[in-house]
Structure formats: C-alpha cells, structure tokens
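**Student:** I am attaching a structure below and will ask some questions about it afterwards.
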Amino acid sequence: MLVERIHHVAYRCRDTRQTVEFYRDTLGMDFLLAISEDRVPSTKDVNPYMHVFLDAGCGNVLAFFEIPESPPMGRDPNTPDWVQHIAFKVADLEILNETKLRLEARGVDVVGPTNHELFQSIYFFDPNGHRLELAADTSTPEMLARLHAIAPEMLEEWTRTRRPVRQAAWLHNKEFAEPT
C-alpha cells in the first residue's frame, strides 16, 4: 500500500487557544506545535493564520487553522449534523463511560453511549461546532471478517439501487447467526 497512515487531519477553528485547551483538557491530547504565517505555503495567497497540531495517539495528528481574515466559519447546510464528525478510538467501555461523565461535568452535552454492535460510542461537539465521537470496540474478529467479505456485494447493490442493503442485517440480531 502506498499510504502508511494519516499524517494529520486539519479543520478550521474559531479560537486557537480555546480549541487547544478543549482537546488538551477534555481528551488529554498533547499540544505538539504551532505554525503561523502570513502566506499560505501551497497557494502563496496572503491569508494570515495560526496552525496548531495535537497528538491524537498512535502517530495520528489532529490540526486546526484559525484564519481571522476569512469569512466566518460555516458548514454545509445540506449535510445533517451527524454525518461529518471525527471519531477517536478509546481503550474500552470503562474509559468511554468515564469520559462521558467527565465531559458532562464540564458542561458538555453528550449523546450515548450508542451501541453500534461493532463498537459503542458517545457523541459531542467541540467549541467550534465539530462533532466528535469516542468509540470503544466491541466486535469480534469473526464479525469483522464476515463484514469484510460482504462489503463488495453491499457496495454493488447500493450503487445499483441507492436503497439500504440487508446483507449485514445479522449484525443487529442478538445472535451472531447466518443471514437469512
């Protein structure tokens, strides 16, 4: 494979300090570095910015840009809030539940835990309006192998019909049974 891992994922923020403090203090991310320039390196456009990088674990880096001379932040009004989000893996359900309580104690509204059968997760928003998810895996290797095997068939049917496909409906059954 050409790609080794994600180098970093970058989003916009309203206030760099508030963003760094949120991710550092609520999710324990280390503030790695900051870059600030008058010109965009790739385009040479004049657009002063602050670019910060946070350690999201295992070599993953989450970055934010504050660009005060650009129009205010917005989002795609045609995309539901639940679609665009950043999901972070946590070690287990205990950590997930402890984090939910810690977030709520800080006044953060939290949805969940939600059982996705492969994992359980909680959802909340950062100070910039970015939806975040923390997920604790609950799947088995057998479940993942079956899902991997049927993924091409599911994609093909979805492409033809643009309707929900049912090859993985067994996932939501109480038993790990053969699909009907």
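Just so it is clear, none of the values below were taken in a lab; they were calculated from the coordinates. Everything numeric here is computed off the predicted structure, so don't read it as measured data. Heads up, the Cβs are rebuilt from the backbone with ideal geometry, glycines too, and the neighbour counts pull from every protein chain shown.
**Student:** Using a simple charge model, +1 on the beta-carbon of Lys and Arg, -1 on the beta-carbon of Asp and Glu, nothing else, what dipole does the chain show about its Cα centre, in debye to the nearest 20?
**Tutor:** Charge dipole, the chain, about its Cα centre: 400 debye, nearest 20.
**Student:** If neighbour count is taken as other Cβ atoms inside 10 Å, put 89, 44 in order from fewest to most.
**Tutor:** Ascending number of Cβ neighbours within 10 Å: 44, 89.
**Student:** In nm, what is the difference between 0.36 nm times the number of residues separating residue 166 and residue 128 and their Cα-Cα distance?
**Tutor:** 10.0 nm
**Student:** Still on this structure: What ranking do 132, 33 get, fewest neighbouring Cβ atoms within 10 angstrom at the top?
**Tutor:** 33, 132
**Student:** From Cα pairs below 8 angstrom and at least 6 apart in sequence, can you work out the relative contact order of the chain, rounded to a whole percent?
**Tutor:** This gives 16 percent for the chain.
**Student:** Relative to the present Cα-Cα distance, how much length would full extension add between residue 32 and residue 173 at 0.36 nm per residue of separation?
**Tutor:** Extra length available between residue 32 and residue 173 comes to 46.4 nm.
**Student:** Using the Karplus curve 6.51 cos²θ - 1.76 cosθ + 1.60 with θ = phi - 60°, work out ³J(HN,Hα) for each residue of the stretch 49-64 in order, rounded to whole Hz, and write x for Gly and Pro.
**Tutor:** Calculated HN-Hα couplings, in order: 8, 10, 10, 10, 10, 10, 7, 9, x, 6, x, 8, 10, 10, 10, 9 Hz.
**Student:** Determine which residues of the stretch 1-20 fall in the zone a paramagnetic label at residue 70 would reach in this model, i.e. backbone nitrogen under 14 Å from the point 7 Å along Cα→Cβ.
**Tutor:** Residues passing the 14 Å test: 10-16.
**Student:** Oh, and also: Taking a point 7 angstrom from the Cα of residue 158 along the C-beta vector, which residues in the stretch 84-105 have backbone N less than 18 Å away?
**Tutor:** 84-87
**Student:** Let me ask another. Give the average over all directions of the projected area of the C-alpha convex hull of the stretch 1-70, one decimal, in nm².
**Tutor:** 5.5
**Student:** Based on alpha-carbon centroids, what's the gap between the stretch 7-68 and the stretch 132-175 in Å, whole number please?
**Tutor:** 34
**Student:** Here's another thing I want to ask about it. If contacts are Cα pairs under 8 angstrom and at least 6 residues apart, what is the relative contact order of the stretch 77-180 in percent?
**Tutor:** It comes to 23 percent, rounded to a whole number.
**Student:** Under a 5 Å amide H to amide H cut-off, with H placed in plane at 1.01 Å, what residues pair with residue 116 once short-range neighbours are removed?
**Tutor:** Amide H to amide H, under 5 Å and 5 or more residues apart or across chains, residue 116 pairs with 121.
**Student:** At R0 = 41 Å, how high is the FRET efficiency between residue 45 and residue 142 if r is their beta carbon distance? Nearest 0.05 is fine.
**Tutor:** So the FRET efficiency works out to roughly 0.20.
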